[in-house]
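> Sharing a structure below in structure tokens format, with a few things to ask.
The values are calculated or read from the model by the stated rules, or taken from the named source; none is laboratory data. Note that the coordinates shown come from a computational prediction; the quantities given were computed from them, not determined experimentally. Glycine gets a Cβ as well: all are built from the backbone with ideal geometry, and neighbour counts include every protein chain shown.
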Amino acid sequence: MAAVQDGPMELDAEKEAKPEILSDGTSNLSGNTASGTLSSSPLTAAPAGGAPKMEDQQTLIAVLQFLKRNKLSESVEILRREAGLGEHQEGSQATDGSGGGKGDGDGGDANSLLSRVSITSAAAPQSMPVKKDQPDVSVVLSAYSQQGDPPLYQVYYSGLKNFIESVLDCHRAELSQLFYPLFVHMYLELVYNNHETEAKAFFDKFSGDQECYYQDDLHILCGLTKKEHLKGNEVLLDFRTSRFVLHISRDSYQLLKRHLQERHNNQIWNIIQEHLYIDIFDGMPRSKSQIDSMSGSLAGEAKREVNKAKVFYGLLKEPEIEVPLDDEDDEAENEEGKPKKKKTKKDSLGSKSKKQDPNAPQQNRIPLPELKDSDKLDKIMYMKESTKRIRLGPENLPSICFYTFLNAFQGLTAVDFTDDSSLLAGGFADSTVRVWSVTPKKLRKVKSAGELNVIEKESDDVLERIMDEKTASESKILHGHSGPVYGVSFSPDRNYLLSSSEDGTVRLWSLQTFTCLVGYKGHNYPVWDTHFSPFGYYFVSGGHDRVARLWATDHYQPLRIFAGHLADVTCTRFHPNSNYVATGSTDRTVRLWDVLNANCVRILTGHKGPIHSLAFSPNGKFLASGSTDGRVLLWDIGHGLMIGELKGHTDTIYALKFSRDGEILASGSMDNTVRLWDSMKAFDEVETDDFTATTGHIHLPDNSQELLLGMYHSKSTPVTHLHFTRRNLLLAAGAYNSQ
Amino acid sequence: SSSQSGMTEREERRFAEVPRESIKLMAESSGVELSEEVAALLAEDVCYRLREATQNSSQFMRHAKRRKLSVEDLNRALRWSNTETICGYGAQDALPFRPLKEGELFFVEDREINLVELALATNIPKGCAETMVRVHVSYLDGKGNLEPQGTVPTAVQSLSEDLLKYYQQITRAILGEDPHLMKVALLDLQSNSKIAALLPYFVYVISGVKSVSHDLDQLNRLLHMVKSLVQNPYLYLGSYVRSLVSSVMYCILEPLAASINPLNDHWTLRDYAALLLSHIFWTHGDLVSGLYHQILLSLQKVLSDPVRPLCSHYGAVVGLHALGWKAVERVLYPHLPAYWANLQAVLDDYSVSNAQVKADGHKVYGAILVAVERLLKMKALSLTLAAEGSGAGLPGTTTGAVGFRENSPGLSPPPEPLSEPPLGIASHLQAGGAGCPWEEWTPVSLPAMYCELYSFFGDSLAVRFSTGPPLGGATPPGPCQPLEGRKEPASSAPNLENTRKMPQLTASMNISPRRDGSPRSPLSSSSRPGRSTSQSRDIFPKARFPLPQAGPPAFSFIIGGRQMGRRCQGRRFQTSFTPTPPLTTHPPRAYAHKLPVIGRVSKPVRRWTCSHYSLHLPL
């Protein structure tokens, strides 16, 4: 249960070393953890309207089945009598039931997969609110069990198809959204009811009509032809349990409804009622391109109400720090030991942020650790550096330095730079994490306890004396994980490093001793990414178990669980004000979570592939996300709108970063290029009038070519990470690929 | 069932399929009899599970930021779905997928591996270069590539297509028939800056001398290849020097198959190889410590082995001669009394059956004569220089050597290195000789040496000094002819002050037509004196030249050559001989084991790893 402690002594030492961080504010947070988590489930399985009678009957039949299977024949009789169910109805059910039973007998694998699902939910009950509501998968699936005549499915579907193709253009685009979810549900229904031949015929006939961005899903779908397979497939279970969300204008919806009622096409209507959620809006129907830009995710678009919550995207007020006014750097270094001695003017940056941003959260909305002296020194250094910052723009592009990992035969999987660009960390597939010093300053360990005892603690250079000069080296290797390291993140104060791995743990490493301090267990499945809060102390992780978790470094259990993604959480990022967390997922959505209450406050759809990179703009207003389809999407967090699409990359985008002032967005990809985009222009050109804000229907200008400021090739090195130094020099990192 | 088979066919278009026959076979192999229907169902399920595992594994690939799905990815997916993993397919290399001739069967070749051999293997690959990070400025202000990303130091540098093509063309041209093409190829090999990766391959080709010892022409071409490689200023030969030296030594010393036929002019080849040897040594000797002594030992061993044919002895003599007068003094001179008896016997046998051997003997005789002549001249010179040069009295050879080296032009720059290779070797000897236990060797005084040599050669030695006060025309042509040829016009004022002050004077002089590259020139120069001296032995009366009894003989020389080139200057003090290796002499054959194996880690790579990169960037 407890955290992994490879070196318990070190852990203790560490705790003693930083008591002031640990004590403040945590109790406040951990108090409301549980409630926040549980209330966060955005998915409700209860149908909105539907046919309650049908549903009841269906449940009854499921119960009957259950009783029968357990040989409780008397109860079966009683129930049947009371419910007034005919023998024939139940009989048709029985065949289904036996089919399922046979499947259980045959496919041992299906069972094991199934049990895995339930194990997951048992092991992490908080993380699986959806599954918790449906303990028995067969009950979930039984929704499919009593539908109409299999051979007629093609007729139903093509009937609807003919109708949609015949309506006016403006409605056709909207109603065409129905094709994909209907197609999938009907296919699954056929498969579930053991109509394998019909299912295959149905698939062959209509799969070609679907939008190309659903290809990956269709590929999975077409391999699935047996009921037993269905039970083990989590993606499709998700498809079943979550309701596919469509935005359709009232006019189009009326048209559809009228048609279905006229034709008595109950089959289609039932599916719409049960498995789809149609978000009806008043106003102009959307155009095809508008629809296409927003669709593509596993569960359709986001319900509008989800994105209505207020998001405090503003930045927190900078703490006031007395900056010694000295122009010469060497003088500053003299002052480092006692920064407060010299009372002088306040720095301009500090005074600028004095005015409270109306969009900013309250300063103490999330308890943040107090600044240590060393943090204040670092802030001062930061301010000094930023005065020397190069102002970037379309006419003034950054220089790029490429850090190439050579001989990384074991596979480079993750990279991170410290904010001051002094350290570089790489995660590798051979379970190691390596840290390099990027400055001439070598990496040194703290001396051993015995040696530390003999040091005079009062001396001025005690911080220098505690370091063991013998251990100085350019790089250090951290061993501890037992699987590939998929994410690394430095703490802002450069004292810690986080790494997340396939072994299901996140580890916290000390960069003083270069040992592991804590192993955070909880995900139980591969942890794909982790990221430190910009203020330290908190961090977020996301993994294969489809949830993201918020942790504090001194708690071995998560403080918050962000559950709602329908597939793996592939990347996680903290908002600059530390009040929100953004996650990208294989379900092709980006979600924004409130750290305070673990609520999902934004669901951003539009990506057509798994999302592998996220970046907040420095002002906190915008979010950029990159996916396997090679597109970068830009989002306005306040309005929850997509405001830009940057096309150009030809492979997965693994790295995104805004320049320090936010004028330029850099993207790095597997296609061995770094591209620079004019983010200012992209943000400025957005029409953010009230109408678009309320409807969420935006006309995206197709201006990727205009926004692209530069494209830079590496020789044969995929770009894994990007980082802007404090002076706006762009650092890129990746492993040379010799093939 | 028929509908099912129809479905299977349709399915096959979408996915790879495990046929039910395979399922049945597998079941049979574990002793289970399956009905057709069960096999079909199982086959379909297996396919589905495989697809599922593949789909799940792709996420591991994506997160590892790779494009290529690996076996490890699939195993991870299997492990997470509680399925046994597949072992034994983790190798990085592609597995060859091969068809079986009989029947339509395809399989992955899976050779048996002898684990014992693998475990006890001593050649543990050191190829795993360390993971490192290197930084370079790719784009400055968003414009243009500043510098190319550079080559990657890998343990085994893979050859690019272009390099491979170059290698083939060059070797073909050099070993081919067309002399013009050969010339072009050699010239390129000498000046191309991008062929470092090919060096081991060329060295390997050159080590093929052992297999073409019957073909003088090929041997010649290979030696030329050595010369070009050695002269290429962009190549770092490193430990390959050893291999090159061993190939060259082979040509000098071995009784080549080609020398069986007296019509074959293998003498020229030996002369050329000897010059080449000294050149390699002079320009690259510092790369391998102890090389000089190893070479001397090899030469000495051949010389002192009476069983060896005379052509081998000849090779040893010219080799010593090429290495410099110090080498002659230390190896040839002490051996001369013992060797003389044998040689004399050969030369005195006038029987017809001995005619060929006798002719060979004359060759050796000539070579020795030339060598000792130079020895005497140089020794005399060094002594006079020492006596006159610095009053700061380091005694004997040391001063002489130093003085000599300082005054002598030493090495000429690479383009014409063969002209005076032996010059300056004294310094090396000096360094190596310090604390060298391999032979108790005490320098013999010049007059004593002259006396002894005179007792062997008589007037044929004397005539070389007496008949020609060092006027160029009078000097008999010898292998050092290029050297002496140079001084011709200046020789009117051959005093030492001049020499000291104007070593460069000779540099501007006419140089007799340079023939360093061609094997013909050493032939004409070295074989002729051999013949002529053997004749002159009988012609000149013995007592015509008075023996100098005391004091340094008043020989005077002009030092030919040119000012020391920059490159050579840099090398002057580089050679440091570690205490010489134990006396066990290595025959050149011993090098065979040290030949470069293609693909083995070589030294330069190591050097790179430790130093030549930096992460530091002025940010």
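> Return the total of residues in segment A:218-233 being more than 7 Å from chain B (Cβ to nearest Cβ) and within 25 Å of the chain's Cα centre (by Cα).
So the answer is 5.
> Within segment A:495-507, can you find the residues that are farther than 20 Å from A:Asp545 by Cβ and assigned to a strand (DSSP E or B)?
A:Tyr496, A:Leu497
> Please specify each residue of segment B:254-286 satisfying the condition of being touching a Ser or Thr at 6+ places or on another chain (Cβ under 7 Å) and part of a helix (DSSP H, G or I).
Result: B:Ala257, B:Ala258, B:His266, B:Trp267, B:Asp271, B:Gly285, B:Asp286.
> Between a first residue in segment A:707-735 that is within 7 Å of chain B (Cβ to nearest Cβ) and assigned to a loop (DSSP other than H, G, I, E, B) and a second residue that is surrounded by fewer than 23 Cβ atoms within 10 Å (Cβ to Cβ) and of a type in the set (Gly, Ala, Ser), which pairs have beta carbons less than 7 Å apart while being 6 or more apart in sequence or on different chains?
What qualifies is A:Thr725/A:Ser421; A:Leu729/A:Ser399.
One line per residue, one yes/no per condition, for (1) among the basic types (Lys, Arg); (2) assigned to a loop (DSSP other than H, G, I, E, B); (3) at the interface with chain A (Cβ under 10 Å from one of its Cβ atoms):
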residue: B:Ala40; (1), (2), (3): no, no, no
residue: B:Glu44; (1), (2), (3): no, no, yes
residue: B:Glu52; (1), (2), (3): no, no, yes
residue: B:Ser57; (1), (2), (3): no, no, no
residue: B:Met61; (1), (2), (3): no, no, no
residue: B:Leu69; (1), (2), (3): no, yes, no
residue: B:Thr85; (1), (2), (3): no, yes, no
residue: B:Tyr89; (1), (2), (3): no, yes, no
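> Can you report the number of residues in segment A:234-255 which are in a helix (DSSP H, G or I) and away from every other protein chain (no Cβ under 14 Å)?
Looking only at that region, the number is 10.
A quick yes/no check of all residues on (1) aliphatic (A, V, I, L, M); (2) surrounded by fewer than 17 Cβ atoms within 10 Å (Cβ to Cβ); (3) in contact with a His (Cβ under 7 Å, 6 or more places away or on another chain):
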| residue | (1), (2), (3) |
| --- | --- |
| A:Pro358 | no, yes, no |
| A:Asn364 | no, yes, no |
| A:Leu371 | yes, yes, no |
| A:Arg389 | no, yes, no |
| A:Leu392 | yes, no, no |
| A:Asn396 | no, yes, no |
| A:Leu412 | yes, no, no |
| A:Phe417 | no, no, yes |
| A:Asp420 | no, no, no |
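> Search segment A:470-484 for residues being within 14 Å of chain B (Cβ to nearest Cβ) and part of a strand (DSSP E or B), and hand back the single one that is surrounded by the most Cβ atoms within 10 Å (Cβ to Cβ).
Ranking the candidates gives A:Leu478 first.
> With B:Ser22, B:Ser29, B:Ser70 as the choices, which residue is at pLDDT 85 or above, under 60 Å from the mean Cα position of the chain (by Cα), under 30 Å from A:Ile653 (Cβ atoms) and among the small types (Gly, Ala, Ser)?
The unique qualifying residue is B:Ser70.
> Is it true that some residue in segment A:238-261 is among the basic types (Lys, Arg), out of contact with any strand residue (DSSP E or B) (no Cβ under 8 Å at 6 or more places or on another chain) and buried (at least 19 other Cβ atoms within 10 Å of the Cβ)?
yes
> Could I ask something else about it? Anything in segment A:439-469 that is in a strand (DSSP E or B) and without any contact (Cβ under 8 Å) to a residue 24 or more places away in the chain? List them, or say none.
Matches in segment A:439-469: A:Met467 only.
> Give me the residue from segment B:23-38 that is surrounded by fewer than 19 Cβ atoms within 10 Å (Cβ to Cβ) and assigned to a helix (DSSP H, G or I) and, out of that set, nearest to the other protein chains (Cβ to nearest Cβ).
B:Val38
> Next question, about the same structure. Name every residue in segment B:197-219 that is surrounded by fewer than 18 Cβ atoms within 10 Å (Cβ to Cβ) and part of a helix (DSSP H, G or I), in order of residue number.
Result: B:Ala197, B:Tyr204, B:Gly208, B:Lys210, B:Ser211, B:Asp217, B:Gln218.
> Suppose we filter segment A:410-448 for residues that are polar (S, T, N, Q) and at the interface with chain B (Cβ under 8 Å from one of its Cβ atoms); how many remain?
The qualifying residues number 5.
> Can you tell me which residues in segment B:334-375 are buried (at least 24 other Cβ atoms within 10 Å of the Cβ) and closer than 15 Å to B:Val444 by Cβ?
B:Val372, B:Leu375
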